[in-house]
1. Highest mean first, what order results for 336-343, 239-246 on Cβ atoms within 10 Å?
2. Would you mind checking the range 508-547 for residues with the amide N under 17 Å from a putative spin-label position 7 Å along Cα→C-beta of Q70?
3. Tabulate in residue order the Karplus-calculated ³J(HN,Hα) for the range 319-336, using 6.51 cos²θ - 1.76 cosθ + 1.60 with θ = phi - 60°, rounded to whole Hz; enter x for Gly and Pro.
4. Helix 254-263 sits at what angle to the longest principal axis of the chain, using alpha carbons and giving 0 to 90 degrees rounded to 10?
5. Enter the accessible area of H351 (Å², nearest 10), with the probe set to 1.4 Å and all protein chains included.
6. Taking all pairs of distinct Cα atoms, average 1/r, flip it, and tell me the Kirkwood hydrodynamic radius of the range 257-335 in Å to one decimal place.
7. Which of the three applies to the range 173-252, rounded, prolate or oblate, going by the alpha-carbon gyration tensor with a ≥ b ≥ c and a/c under 1.5 meaning rounded?
8. What percent of all Cα-Cα pairs in the chain falls into each 20 Å bin, going from 0 up to the bin containing the maximum distance?
Amino acid sequence: MPRLLTIMLVSILFVGPATAQRSAPDLILLNGKIFTSDSSHPYVEALAIRGDRIAAVGASEKIASLAGPQTKRIDLKGRVAIPGINDAHYHLPLNPAIFHMEFRTQDPSWQEVSDELAAAVSKSPKGTFIIGDIGPTVLYSPQATRTTLDRLAPDHPVILNVWTGHASISNTAALRKLGVKDDEPNPLGGFFAREPGTKDLTGAAFEFAQFRLGRRLAELASQDEALRQTRDYISNAVRLGITSVQVMSIPPSAAQLVSLFGQAPTPIRVRVMRFLLTDRNRRLTQEGLDLPAKPAPLVTVSGTKWVLDGTPIERSSAMRKPYADEPDTSGQMDFTEKDMEAMLGESLANHDQLLVHVTGDLTTETFLDAMDATGGRTVWPTRRVRIEHGDGLAPDLIPRAKDLGVIVVQNPTHLALRELLLSRWGIERADQLQPLQSLLKAGIPLALGSDGPFNPYLNIMLASLYPGKPQEAITREQAVIAYTLTAAYAEFAEKDKGSLETGKLADLAVLSQDIFHAPPDDLPKTQSVLTIVGGKIVYDAKVVSAN
């Protein structure tokens, strides 16, 4: 027998079976209603997974025929599965040991806050941080000052955070713990409020002054406390079918987030985005630049975020017309147009995606002007600049955003603030601002992120209802695509994840109910019964079984 033929036969006998075995899927899911986020075939019955990737999708009979003797099979029995949720905008809360005050509403009265504070003082050891979330009523109450808080809680550091994350009121003990002196200078893009005609701090901090306090509070958490809070988030995320999260590095710094998710360790994919701060003179652009792009197998570092204005809740979104309920103010931008041009230039120089918090229509217009001044449509469409929130994209600004290739990341829980925004903006502007469906119709990529309660099905409910403005609602399918495929696009990862297609990463969630047909009020009750990341089961509620 010729030597070459002998070698070929030996190869078939000894390599062929192993190759055939490797070609069989490791896991197949059958008899489901699988939403793929792929417009060419939005629903399939089954899929096969080999290694960390999807090997095939299609009808159950076809996928079952691919199985080998070692392939695990899961019968979904009609359950809905979706690509793993990718939360495109999240902040990891991180605190030292605290006593957290609970109020009946998002906007409690000063009387309720003072009563709860008195109760908290009586229940917690001296020196314990007492923290509560307030709304604009207390923020602008003349009674809610550092001096009053000192009197009510002389032996406890107290922080009243506005739930937007853009302002707070602290007593003297808290300011001292957070390193704020009586003669503390204002940081660029923010300020510490002062008593009229004096330099005395009232205890209120806004924008970059507030962000600095949040960062310092996170740094006071012990390593054990920080890891526990990180692991709590991960545990809850996998139960909700979240397989990717894009985390802004505030309150924790980018370096602290990388350390925590590396040590936890994380079973889901984590993108850490640098949220940069300022001092009294400049933007601190170098923080986190020395971090490796991939510090752990499931952790990446990319993107830089700047906050360009505040929020309408504090009337600090910069508007083209005055606020309806306070005609003496139109809000203010945190940075000038030249600053914005510098941010864009740094993005180009560092080959790093730029993300900007923008909520006012004046700030939005100014930022689009800065994009035009730094290259316009010849430069930016491939750079995927992200506008976080996009509330200020008025109808006349949407075509400009489309031409510049802007991505909008919206947070549906913000859509539930309709009544408060009516008072701030008036009905005409409230009906024009905070677009959702209009963005999709214009061809602007729309991704979803939480920026608050991270239950994705609560956010899908709100996006598909749009309380008070149903003409801007999107379908549930569109919301899932925004939470998966477009969220992946928003981090340059759409070739690897975001839809259930052959060759992509096997990141998916099997759900406890059919989110495409469940009553709207039931959507937030949805959980994952099986969460898979890279072909590995990271959460199993033991509802479906493999054999």
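The values are calculated or read from the model by the stated rules, or taken from the named source; none is laboratory data. All values reported here derive from a predicted model rather than from experimental measurement. Every residue, glycine as well, gets a Cβ built from its backbone with ideal geometry; the counts of neighbours run over all protein chains shown. The accessibility values were calculated without ligands, DNA or RNA, using every heavy atom of the protein model including side chains. Shrake-Rupley method; radii C 1.70, N 1.55, O 1.52, S 1.80 Å.
1. On the way: 336-343: 17.0, 239-246: 25.4.
Most protected by this proxy first, the peptides run 239-246, 336-343.
2. 535-537, 547
3. With the stated coefficients, the range 319-336 comes to 10, 6, 10, x, 5, 5, 9, 7, x, 7, 10, 10, x, 7, 8, 7, 9, 7 Hz.
4. Between the helix axis and the principal axis of the chain, the angle is about 40 degrees.
5. For H351, the solvent-accessible surface is approximately 150 Å².
6. Numbers: mean 1/r = 0.0653 Å⁻¹.
Computed over the range 257-335, the radius equals 15.3 Å.
7. Working: a/c = 3.79, a/b = 2.34, b/c = 1.62.
Prolate shape, in that a/c is at least 1.5 and a/b is the bigger ratio.
8. Per 20 Å bin, starting at zero, the Cα-Cα P(r) for the chain comes out as 21, 51, 23, 4, 1, 0 percent.
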